[in-house]
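Asks: Pasting a structure here, questions to come.
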Amino acid sequence: MPVLDPATGQRLCEVADATPEDGLAALDAAAAAQAGWARTAPRERSEILMRAHRLLLDDADRLALIATLEMGKPLAEARGEIAYAAEFFRWFAEEAVRLDGGYMPAPGGGSRFLVTRQPVGPSLLITPWNFPMAMGARKIGPALAAGCTSVVKPAEQTPLCTLALARILHEAGVPAGVVNVVTTSDPGALMTPLIHDPRSRKLSFTGSTAVGKKLLEQCARTVMRTSMELGGNAPFLVFDDADLDAAVDGAIAAKMRNIGQACTAANRFLVQRGVAAEFAERLAARMGELPLGRGTEPGVVVGPLIDADAVTKVTELVADARARGARVLLGGDPLDGPGNFYPATVLVDVPDAAQICHTEVFGPVASIATFDTEDEAVARANDTPYGLVSYVYTEGLRRGLRISEALDTGMVGLNQGVVSNPAAPFGGVKESGLGREGGLVGIDEFLEIKYIGVPL
Ligand code: NAP
């Protein structure tokens, strides 16, 4: 199947289009390798992951170029993603040797409880196109650390990053059969038999809520364990007492990272009335200065969107908001020419009824509305089925903590515009997902707890 450059629409290369039989062969390999990998000493698993961390960093320029070519993000951001991906290997290398358990007397006496944690088994890992390297590492890292083998299915648009990652893992010493990548243009046909196969013991998925729900239904058949990192609709709250310089910096990070194509992207700016006009003008001025172009060109910040459908979706969301009364401060019209480019855009006076307030924009459009009171801000921020991340800007410590606790999201950026860190538990509530990746709990997604009762 072809791999396209979203900046030009041209074919970069072709990769294998796996059949369902290829998928089953990958699961056969993962199942055959499981017992041996689980027996491999944690220290050895750790050292392999540490080598993978170093190899990724040593090869960062080449890997970043691959990411930019197939996904479109600017090279500087792609380099950042490689470092972020490598950090998951380091973090989980450190975790692999800390798989502790418990030993306690039964309350009634006479016996002891031993509690141990064991690898869940062969795992299916499905990743999206927006952070192809980091999302792969965020799943493969803890799976390897815990002692699980895997079948990895990258997004159709970005198979090259995952294939490059697989080669690095091989060089780092991951034995044959432990990590198996299958690239396909028909994910349903390939993955459904694997999901229904009782040898698969875990599905870890990152992608849209719609596909995640479908996969959860499929997993019900074998009561398979799941981790779901799904879509978001992040509110970005700015209060009258915020440091506006910091809020604008944070807004640029939260909105423009990955050209707005992040599950954590600020989707709705809610700004207190006293500072709303100034915040919007300053944000529009900053966004208007960001160079647009092909991600490989030096200095570019606004690269292309992933495909033509993404441009159509953003165009329609902006048109709908304008039709409902939103005003355009910056951008607002699609660009002519080759490639899937959409300009940085700022909308103000966006009514809550506009579709853009209820849909993941996945593009460089900042949609701004105003609020008056704290209670109103929290109620509007929480008025969504999603619950991945919120951002809050206020200089008031008590207010910041109060609001952070009241926001119904798995993560909060309190006076910061980026929440992704391998050492922190990443994940959402409500329709944004189940489970956490990274942090001290990340490895638990690939472990089962076993209690062994022993009479004395
Ligand atoms: P998507 O359409 O849901 O696809 C995600 C992955 O699922 C791709 O590998 C896709 O393969 C595969 N897939 C699609 N249908 C499938 C099926 N029936 N069976 C098995 N696999 C299937 O999402 P996307 O457009 O790639 O990614 C964007 C979404 O991911 C956004 O909603 C974003 O918020 C979310 N996301 C969430 C997080 C998080 O941590 N919460 C992080 C990044 C992205 P194909 O590519 O071949 O369709």
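Since every read-out is calculated from the coordinates, none of them should be taken as a lab result. Note that the structure is a prediction, hence the values are computed from the model and not measured. Reconstructed Cβ throughout: ideal geometry from the backbone, glycine too, with neighbour counts over all protein chains shown.
Asks: For the chain, give the magnitude of the charge dipole about the Cα centre (Cβ charges: +1 Lys/Arg, -1 Asp/Glu; no others), in debye to the nearest 20.
Replies: 1400
Asks: Using +1 at the Cβ of each Lys and Arg and -1 at the Cβ of each Asp and Glu in region 22-156, identify which of 89, 71, 128 lies farthest towards the dipole's positive end.
Replies: It is 89, whose Cα lies furthest towards the positive end.
Asks: Would you please put 59-68, 445-454 in order of how densely packed they are, using the mean number of other Cβ atoms within 10 angstrom per residue and starting with the highest? Don't jump to the answer; show the numbers that get you there.
Replies: On the way: 59-68: 19.5, 445-454: 14.7.
Ranking the peptides 59-68, 445-454 by packing returns 59-68, 445-454.
Asks: Right, something else. What residue among 15, 216, 326 has its Cα farthest toward the positive end of the dipole of the chain, where the charges are +1 on Lys, Arg and -1 on Asp, Glu, each on the Cβ?
Replies: 216
Asks: Next up: Using the Cα gyration tensor of region 104-242, with a ≥ b ≥ c the square roots of its eigenvalues, what is the shape: rounded (a/c below 1.5), prolate (a/b larger than b/c) or oblate (neither)?
Replies: Cα axes put region 104-242 in the oblate bin.
Asks: Computed on alpha carbon atoms, what radius of gyration and Dmax characterise region 170-295, expressed in Å?
Replies: 21.3, 61
Asks: Next question, about the same structure. I'd like to compare 137-146, 364-373: which one has the highest average count of other Cβ atoms within 10 Å, and what's the full order after that? Please report the intermediate quantities before stating the final value.
Replies: Details: 137-146: 29.3, 364-373: 21.6.
By packing density, highest mean first, the sequence is 137-146, 364-373.
Asks: Which aspartates and glutamates, on any chain, are close to residue 255 with Cα under 16 Å apart, when same-chain ones fewer than 8 places away are left out?
Replies: Correct list for residue 255: 77, 245, 281, 289, 360.
Asks: Same structure, new question: When the dipole is taken about the Cα centre of region 348-406, and only Lys, Arg (+1) and Asp, Glu (-1) are charged at their Cβ, what size is it in debye, to the nearest 20? Mind dumping the intermediate values first?
Replies: Values: 4 positive and 10 negative charges, 43 e Å.
Dipole size: approximately 200 debye.
Asks: Given a Förster radius of 30 Å and the C-beta distance between residue 319 and residue 10 as r, what FRET efficiency does 1/(1 + (r/R0)^6) yield to the nearest 0.05?
Replies: Working: r = 29 Å, r/R0 = 0.96.
The calculated FRET efficiency here is 0.55.
Asks: Can you give the helix-only mean residue ellipticity at 222 nm for the chain, where every DSSP H stretch with n ≥ 4 adds -39500 (n - 2.57) and the sum goes over all residues, rounded to the nearest 500 deg cm²/dmol?
Replies: Calculated at 222 nm, the ellipticity per residue is -13000 deg cm²/dmol.
Asks: Once the Cβ-Cβ distance between residue 176 and residue 222 is put in as r, and R0 is 45 Å, what FRET efficiency do you end up with, to the nearest 0.05?
Replies: 0.95
Asks: In addition: Viscosity 0.890 mPa s, temperature 25 °C: Stokes-Einstein D of region 5-160 from its Kirkwood Cα radius, in µm² per second?
Replies: 140
Asks: Any chance you could check the Cα centroid distance between region 49-93 and region 293-308 for me, in angstrom?
Replies: 18
Asks: Could I ask something else about it? Could you tell me how many cubic angstrom of Cα convex hull volume the chain has per residue?
Replies: So the per-residue Cα hull volume is 149 Å³.
Asks: Okay, next question. Only bridges with both residues in the chain count here: give the DSSP antiparallel percent, nearest 5.
Replies: On the way: 22 of 58 bridges.
In the chain, approximately 40 percent of DSSP beta bridges are antiparallel ones.
Asks: In whole angstrom, how long is each semi-axis of the equivalent ellipsoid of region 1-93, when you take the square root of 5 times every eigenvalue of its Cα gyration tensor and sort them from largest down?
Replies: Working: eigenvalues 170, 108, 12 Å².
Semi-axes (√(5λ), whole Å): 29, 23, 8.
Asks: Follow-up question, since we're still on this one. Considering only the other residues whose Cβ falls under 14 Å of the Cβ of residue 10, what net charge follows from Lys and Arg at +1 and Asp and Glu at -1?
Replies: -2
Asks: With unit charges on the beta carbons (Lys and Arg positive, Asp and Glu negative) and the dipole taken about the Cα centre of region 23-181, which residue among 146, 101, 56 sits farthest to the positive side?
Replies: So the residue we want is 101.
Asks: Please work out the C-alpha center-to-center distance from region 316-381 to region 140-191 and express it in whole Å.
Replies: Rounded to whole Å, the Cα centres lie 37 Å apart.
Asks: Need the list of lysines near residue 139 for cross-linking: C-alpha distance under 17 angstrom, and skip anything on the same chain fewer than eight residues off.
Replies: Leaving aside lysines fewer than 8 places away in the same chain, those within reach of residue 139 are 153, 202.
Asks: Let me spell out the model: positive unit charges on the Cβ of Lys and Arg, negative unit charges on the Cβ of Asp and Glu, origin at the Cα centre of region 299-353. What dipole size does that give, in debye rounded to 20?
Replies: Dipole magnitude for region 299-353 comes out near 160 debye.
Asks: Which aspartates and glutamates have a Cα lying under 14 Å from the Cα of residue 213, excluding residues fewer than 8 positions away in the same chain?
Replies: Qualifying aspartates and glutamates at Cα under 14 Å: 229, 431.
Asks: Between the DSSP loop rule and a limit of at most 10 other Cβ atoms within 10 Å, which chymotrypsin sites (Phe, Trp or Tyr not before Pro) in region 58-89 are left? Intermediate results must be reported in sequence, preceding the final value.
Replies: On the way: sites: 84, 88, 89; in loops: none.
Filter output for region 58-89: empty list.
Asks: Let me ask something else about it. Estimate the FRET efficiency between residue 57 and residue 421 by the formula 1/(1 + (r/R0)^6), using the beta-carbon distance for r and 22 Å for R0, to the nearest 0.05. Walk me through the numbers on the way to the answer.
Replies: Values: r = 17 Å, r/R0 = 0.77.
Taking R0 as 22 Å, the efficiency between residue 57 and residue 421 is 0.85.
Asks: Once amide H atoms are built 1.01 Å from N in the peptide plane, which residues 5 or more positions from residue 4, or in another chain, come under 5 Å H to H?
Replies: 12
Asks: Ratio of Rg to Rh for region 280-383, alpha carbon only, Kirkwood?
Replies: Checking Rg against Rh, the ratio lands at 1.00.
Asks: Which whole-number percent of Cα pairs in region 374-456 have a distance greater than 22 Å?
Replies: That tail contains 38 percent of the Cα-Cα pairs.
Asks: Quick check on packing: order 326-338, 40-52, 249-261, 101-113 by the mean number of other C-beta atoms within 10 Å, highest mean leading.
Replies: Working: 326-338: 15.2, 40-52: 18.4, 249-261: 23.2, 101-113: 10.4.
Highest mean packing first, the order is 249-261, 40-52, 326-338, 101-113.
Asks: To test your reading of the geometry: what angle, between 0 and 90 degrees and rounded to tens, separates the Cα axis of helix 132-146 from the longest principal axis of the chain?
Replies: Approximately 30 degrees, to the nearest 10.
Asks: I would also like to ask the following. List the residues whose amide H sits under 5 Å from the amide H of residue 384, counting only those 5 or more places along or on another chain, with H placed 1.01 Å from N in the peptide plane.
Replies: none
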